[in-house]
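Chemist: Below is the structure I would like to discuss, written out as structure tokens.
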Amino acid sequence: MKKFFTKMNSKRILTAFSAIAFSSFFLAVFFSSCASTLQQDVFQSSDLNKELADQIAIFEDRFIAIDSTYLVKNKLDSDKTSELHKDIATQLEKSHLEPVISAHITAIDGILYTLEGKTKKAEECYTKAKSIQAGDTYVLLLSTKLQKNNDERLNKANEILSFDDDNAIILLEKGKLLYAQKKYDKAIAAIDEAFLIFDNQHRPSYRTAYREFRDSVWKLYSSGMDYSDTGDLSSILTKESMVQLTASNTALLEEITAGAKLNAAGLLKKVNSANMFCSATDTNNAKNSADLINSSKQITRKMCARYLWNLYVQSKGNPKLLTKYSTRYKKLANAKSPVADIKLDDPDFDAILGTVENEIMSLPDGKNFKPNDPVSVLDFLNYLNALK
């Protein structure tokens, strides 16, 4: 009897092991099949002849102009997007359209829908484009964008690159995704690698279109500052955000606030009491020079220079520095301003020369300061980094 039960248990154990082995084999085959399918999709895309490539490039160039602007300004150009949707629809209605073109521009259409937040339409485009040519670079890009969240999108991009490491479109997308995760060093590496591949493929429009975005990421990386709580870096600086960013990222206002944590209104009151918004020649606001900043809805480069210069002088503890440059130039015969668009009698002459000479701000074109240009949050944070 004992031998019978032992024999039966052995059979059950063997059956269990067989079931486990079969399950493991099935899963291995399943995942291997998924990987093989993706690999097949990646490599099934045929080489394009010049005529087809030129036709596709027209739509690509229009798309990347929209996408790159959206990345920098965080605002979608609805008019250009609508026009591209319309032109793609017109092109798709043509008879005898080459499949490679049909798949490519259908995918571009879907990517535009993802930017607009129209996921259902984007998925419809993906299903159609994939059925035509699953391995097209833009079809693969659309598949990445349709993942549920940023982590899954990055995983998808890496999966595609594991089969096709020279896919510049996906490398560029990887750079965007890493940027969104605030991994600026890795984002720069991916973007620069994509640029090199685009250059080798004689596709200069990509470097041209995304250069400004790449430079913004580089500023973030090279500054070494923590941008976790700064919100939209491309937004235009206001007086409220200017003082808040100063307080949260530096110790430059601690002498004024006595270390107290204040809201925007409280900070503005303290900053005004300390005459941080006054021009160098109106230190006590007798001429109401602070109104220039207090009455403005956005901060220009000139206003920013004034505020930063006051912070700089305060940090040095030497009020004579305020008018250092105007005092020097008044002693010179036939003196001329070294900055083309700033006059010697400008109330902010000292602030502009001071911030430029001390490498806090710069002359954008090497000659002009462009005092009325608005300042972005990202620009201001980089100025703060140079000042602190």
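Chemist: Just order 169-181, 291-303, 92-104 by mean Cβ neighbour count inside 10 Å, highest at the front, would you?
Modeler: Going by the mean number of other Cβ atoms within 10 Å, highest first, we get 169-181, 291-303, 92-104.
Chemist: Compute the accessible area per residue over region 256-388, keeping the other protein chains in place, probe 1.4 Å, unit Å².
Modeler: Here the residues of region 256-388 average 52 Å² of exposed surface.
Chemist: Per the 1.4 Å probe, what fraction of the accessible area of region 273-349, in percent, lies on carbon and sulfur atoms?
Modeler: Carbon and sulfur together cover 49 percent of it.
Chemist: Now for a separate question. Grab the beta carbon distance between ALA286 and ASP215, set R0 = 56 Å, and tell me the FRET efficiency rounded to 0.05.
Modeler: For R0 = 56 Å, the calculated efficiency reads 0.85.
Chemist: Note down the magnitude of the dipole of region 246-306 about its Cα centre, charges +1 on Lys and Arg C-beta and -1 on Asp and Glu C-beta and zero elsewhere, to the nearest 20 debye.
Modeler: The dipole magnitude comes to about 220 debye.
Chemist: Still on this model: Which FRET efficiency, nearest 0.05, do ALA189 and THR257 yield, Cβ-Cβ r, R0 41 Å?
Modeler: 0.55
Chemist: On to the next question. Under 5 Å between amide hydrogens, which residues at least 5 positions from SER376 or on another chain qualify, with H placed 1.01 Å from N in the peptide plane?
Modeler: Result for SER376 returns LEU237.
Chemist: Applying a 10 Å radius around every beta-carbon, put 322-330, 350-358, 277-285 in order of their mean neighbour count, most first.
Modeler: Taking the mean over residues of other Cβ atoms within 10 Å, the ranking is 350-358, 277-285, 322-330.
Chemist: Here's something else I'd like to know. So how much slack lies between ASP165 and ASP373, counting 0.36 nm per residue of separation and subtracting their Cα-Cα distance, in nm?
Modeler: Result for the pair: 70.8 nm of gain on full extension.
Chemist: Next question, about the same structure. What do you reckon, how do TRP218, TRP309 stack up by accessible area (1.4 Å probe), largest on top?
Modeler: Accessible-area ranking of TRP218, TRP309, largest first: TRP218, TRP309.
Chemist: Can you tell me how much longer the chain between LYS316 and ASP345 gets when fully stretched, taken as 0.36 nm per residue apart minus their C-alpha distance, in nm with one decimal?
Modeler: 8.0 nm
Chemist: Once R0 is set to 56 Å, what does the formula 1/(1 + (r/R0)^6) return for the Cβ-Cβ distance between LYS336 and SER78, expressed as a FRET efficiency to the nearest 0.05?
Modeler: 0.75
Chemist: Report the gain in length on full extension from ALA65 to ALA53: 0.36 nm times residue separation, minus Cα-Cα distance, nm rounded to one decimal.
Modeler: Here the answer is 2.5 nm.
The values are calculated or read from the model by the stated rules, or taken from the named source; none is laboratory data. Here the structure is a predicted model, which means the values were calculated and not measured. Because the Cβ atoms are built from the backbone with ideal geometry, glycine has one as well, and the counts that use them run over all protein chains shown. With ligands, DNA and RNA removed, areas are computed over all heavy atoms of the protein, side chains included. Shrake-Rupley method; radii C 1.70, N 1.55, O 1.52, S 1.80 Å.
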